[in-house]
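Below you'll find the structure, written out as structure tokens, and then a few comments.
The values are calculated or read from the model by the stated rules, or taken from the named source; none is laboratory data. In this text, all values refer to a predicted model and were calculated from it rather than measured experimentally. So basically every Cβ, Gly included, is an ideal-geometry build from the backbone, and we count neighbours across all protein chains shown. Note: areas computed on protein heavy atoms with side chains; ligands, DNA, RNA excluded. Shrake-Rupley method; radii C 1.70, N 1.55, O 1.52, S 1.80 Å.
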Amino acid sequence: MKKIIILLFLVLAVLLTACNKKNTEEELNGFIEDFNINVQETDFPEIQEEPTQEKKQQDELYWQSIYEVIEEDREFEIKIKYDRRDRIVGYNVSIYGDSDFIHFEDENIKMGTIVAKTLGLDTELFEENAHYYVGNFNFASMDSHEYEEKDYIIQITENSDNLSGQGHLIMDFTKVE
């Protein structure tokens, strides 16, 4: 009897893992498909294929880059955040480049707007919050701005290094559980 119960638990665990993986793949494919539709209205390229980069662990999360565009003066990257059970728990937009360019360029906020639209969020609300943050950014405190909409906490942060002149604008979309 004990063996049957253990066997049932193992079968259930395998089924749940397979179901979770399928849901994650469907969500990722849906994100890529919707992103590619939304990006057509801009000069940014589409995501060309499913991610092939390995997931990298940082603290309790796993990250996987699915989009990278390198231009002369900046680099755009979109990463998917996963939990230990391989569920998507958020999306991250990172823009690297010259700190003055990162801080003041509307084109950089546009990438976050595309992701917000892809996730079904209010793009006007996102842009208001992003412009509020950029307009009130304090280099001395390196603070961030955060707000919540629907099932996401959106955090906008900028890290700039005045010595190197390099900046990093981060727009993070984390699912609320």
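Odds and ends about this structure:
- Extreme residue, least open to solvent (accessible area, probe 1.4 Å), among residues of region 84-104 that are at pLDDT 80 or above and more than 25 Å from Asn36 (Cα to Cα): Arg85
- Filter pass, Glu107 being surrounded by fewer than 17 Cβ atoms within 10 Å (Cβ to Cβ), more than 16 Å from Thr174 (Cβ to Cβ), at pLDDT 90 or above and out of contact with any strand residue (DSSP E or B) (no Cβ under 8 Å at 6 or more places or on another chain): no
- Contact map, region 57-75: residues that are among the basic types (Lys, Arg) paired with residues that are open to solvent by 60 Å² or more (accessible area, probe 1.4 Å) and not in a loop (DSSP other than H, G, I, E, B), Cβ distance under 8 Å, separation 6+ or inter-chain. Pairs shown: Arg74/Tyr96; Arg74/Asp98.
- Filter result (in contact with a helix residue (DSSP H, G or I) (Cβ under 8 Å, 6 or more places away or on another chain) and modelled with pLDDT under 90) within region 112-155: Ala130, His131, Val134, Phe137, Ser144, His145
- When region 52-83 is filtered for residues that are among the basic types (Lys, Arg) and either surrounded by 13 or more Cβ atoms within 10 Å (Cβ to Cβ) or at pLDDT 90 or above (or both), the ones remaining, listed by number, are Lys55, Arg74, Lys79, Lys81.
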